[in-house]
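One structure is given here, and the rest of the page talks about it.
The values are calculated or read from the model by the stated rules, or taken from the named source; none is laboratory data. What you see is a predicted model, and the numbers here were worked out from it, not measured in a lab. Note that each Cβ is placed from the backbone with ideal geometry, even for glycine, and that neighbours are counted across all protein chains shown.
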Amino acid sequence: MKHILIGTAGHVDHGKTALIRALTGIETDRLKEEKSRGITIDLGFAHMALPGGEKASIVDVPGHEKFIKNMLAGAGGIDLVLLVIAADDGVMPQTREHLGILHLLQAKEGIIVLTKCDLVDEEWQGLICEDIAALVADTFLQDAPIVHVSSHTGQGIDQLKACISNKIEQTAARNIAVPFRIPVDRVFSSEGFGTVITGTLIEGTLRQGDGVTVYPDGLPARVRNLQVHGGQVETAYAGQRVAVNLSGLRREDILRGHVLAPEESIASTRMLDVKLSHIKDSPWEIKSGSRLHFHYGTHSTLCKVALIGADKLLPGHTLYAQLRFSEEVAVKAGDSFVVRFYSPIETVGGGVVLNTAPKKHRRGRASETIKALEALEKGDTGTQIAQAIADLGGIALLEDLRKRFGMDVSAWEQEIDVLKAKNLVTTIGAYAMEANHRENLGVKMVGLLKSFHQENPLHLGIRKEELRSRILPGYKPAFFDEFLSAFDGQVEARDGRVALCGFEISYTKEQMQVRDAIISRLKQSGYTPPSIDELLAVNKKIAAKVLDAMLAEGAVISTEPGIIFDAEAMLQAKASLKRLASQGDGTITLAQFRDEVQTSRKFALSLLDYLDRVGFTRKVGDSRVLL
């Protein structure tokens, strides 16, 4: 079933509210001041029955120039526009401004409604229609039908209803297979229920009992009750006007402009990369550094604009720009927005959000930035994801990216799988990495290891922490371990060092002589090894480096600082323990082991403590058992 939001637009006192009343029987002016002044001040809401039995939601926006901010709060979610123009007045300033706003918000479908036709003759109506045709040329309404009506006499109302039904059939349905999102346009407390918000469900599906988060503040709540068109429902769909009774929030916790969406589905931000268009008939220039009023959804805030590749944006032109805010905003890539001049407050442009997590751009790299933003603007979702990863330095947390693109888990995983199949992206743990970036880092790592091995032939490899600081500074050791595992077959990590696969410590002839002398001395000593100073005495100039290399390759083993055994002696010690365990009840005392290997208590204890640490034995009371 298709759910459509119809919205009015047009100059003040052109009969928008009266038209809605004629179509639906519902009075949308609800405020006392609206009734006394006879003009719409804030958003009004209604619904109308369609021939198929469905109900279309309707939002009535104020037409007075003083209330453009309220008009903008209601215009963002409209599927079908009713541009209302009074036959006795014709095209007026807010007619033009509203049309411009709807164009900036990428409205697609609409009907032009010529109201108050009972007040003028057909010839005059014909002249007004000529003005209208000139107004809507080259806009989304250039081929829209013009329906002549009188809300007072009922003239043309049935024809308009039929036209609306026809247009709804042509209007694309909203996406209900993504996380829900509701820009809040009204908040109140209801006796016996608590906090209630109203808004248009612009995408996704919302169910009674769902958990929600209020953005950008991140406040959690739950849907206690859900209403559509005044009736209780269990499920609401994109395109419907909804009233949501929230548990867990006070009335003062939420305001117009906040956004309801699932937890962690939106990444709030203080910077946006956008494509910014300046309306052609504006008397103002937008300069880099200008302050603007930024309108998105039902919210407005101030921003500073940094133009990319230019110092100013002239009327009728379009540029890429970065908008910077003093507070967080909750938007998604692809959202439309409107900007108004800081002072005087007049609509000057708008555009579409391209990147919700940008870095500050450098002026000297404008051409690179523009190329990246062009890819975001013109590419499909997969291309945009790949570009977003590149913009973030080639590595990004998968969950942060998913929030940025506002996708559910299933659709997100499909996009990532496609990118992996195309060899554009690879995943490493919780991160996504641009494939080229991974390859470049791999080449850099292999080069560093080759150089290290050439300069340090007696080292088993570079220390892992040192390599991480040179390859992936700022990332946690756990992620670096996962990164290394992606290069199995090229590099290997052991004992806290990383080396190229197949690398072996290489000794010079003189170093090999020292190595052999150390091994010979240890073998002669058995289980009463000489001190370190005695071992190094064979050739003080190079013995320390040789001994470090022997420890790294496992030719000798240090059971504790200052005590070193030959590796063969360690194997024999393990065999002795197995033999002792088999001769009795499976336990071995320190005295038994000491006597078996014919050494002192000091060296026997050092051997046993080491074997406990490596998991060969376990101490139980005063004895050991094999593991």
Exactly one condition in (1) closer than 30 Å to Leu313 by Cα; (2) surrounded by fewer than 19 Cβ atoms within 10 Å (Cβ to Cβ); (3) touching a Gly at 6+ places or on another chain (Cβ under 7 Å) is not met by Ser277; state its number. (2)
In the set Arg222, Arg241, which member is touching a residue at least 24 places away in the same chain (Cβ under 8 Å), crowded, with 22+ Cβ neighbours inside 10 Å, charged (D, E, K, R) and outside the structural domain of Leu43 (by TED's automatic domain parsing)? Arg241
I'd like the full set of residues that are within 18 Å of Thr427 (Cα to Cα) and in contact with a strand residue (DSSP E or B) (Cβ under 7 Å, 6 or more places away or on another chain), limited to segment 443-488. Phe479, Glu482, Phe483, Leu484, Ala486
For the structure I just gave you, tell me whether Gly461 is without any contact (Cβ under 8 Å) to a residue 12 or more places away in the chain, among the small types (Gly, Ala, Ser) and either loosely packed, with under 12 Cβ neighbours inside 10 Å or under 21 Å from Asn440 (Cα atoms) (or both). no
In segment 110-129, what residues are farther than 18 Å from Gln142 by Cβ and either touching a residue at least 60 places away in the same chain (Cβ under 8 Å) or not charged (D, E, K, R) (or both)? Thr115, Lys116, Cys117, Leu119, Val120, Trp124, Gln125, Gly126, Leu127
Just for strands (runs of 3 or more DSSP E) wholly inside segment 179-297: which have at least 2 residues that are charged (D, E, K, R)? 182-190, 219-228, 269-278
When the residues of segment 150-178 are narrowed to those that are without any contact (Cβ under 8 Å) to a residue 40 or more places away in the chain and hydroxyl-bearing (Ser, Thr, Tyr), which ends up surrounded by the most Cβ atoms within 10 Å (Cβ to Cβ)? Ser150
Members of segment 383-407 that are in contact with a Lys or Arg (Cβ under 9 Å, 6 or more places away or on another chain), modelled with pLDDT under 85, buried (at least 16 other Cβ atoms within 10 Å of the Cβ) and not in a helix (DSSP H, G or I): Leu392, Gly406
Quick check on segment 526-570: of everything there that is assigned to a helix (DSSP H, G or I) and at pLDDT 90 or above, which residue is nearest to Ser506 (Cα to Cα)? Ala567
Restricting attention to segment 496-520, and to residues there that are closer than 24 Å to Met570 by Cα and touching a strand residue (DSSP E or B) at 6+ places or on another chain (Cβ under 9 Å), which single residue is surrounded by the most Cβ atoms within 10 Å (Cβ to Cβ)? Ile518
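For (1) in contact with a His (Cβ under 7 Å, 6 or more places away or on another chain); (2) part of a helix (DSSP H, G or I); (3) over 25 Å from Asn175 (Cβ atoms), each residue gets a yes or a no:
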site	(1), (2), (3)
Ser57	yes, no, no
Ile68	no, yes, yes
Ala73	no, yes, no
Asp89	yes, no, yes
Thr95	yes, yes, yes
Gly100	no, yes, yes
Ile111	no, no, no
Trp124	no, yes, yes
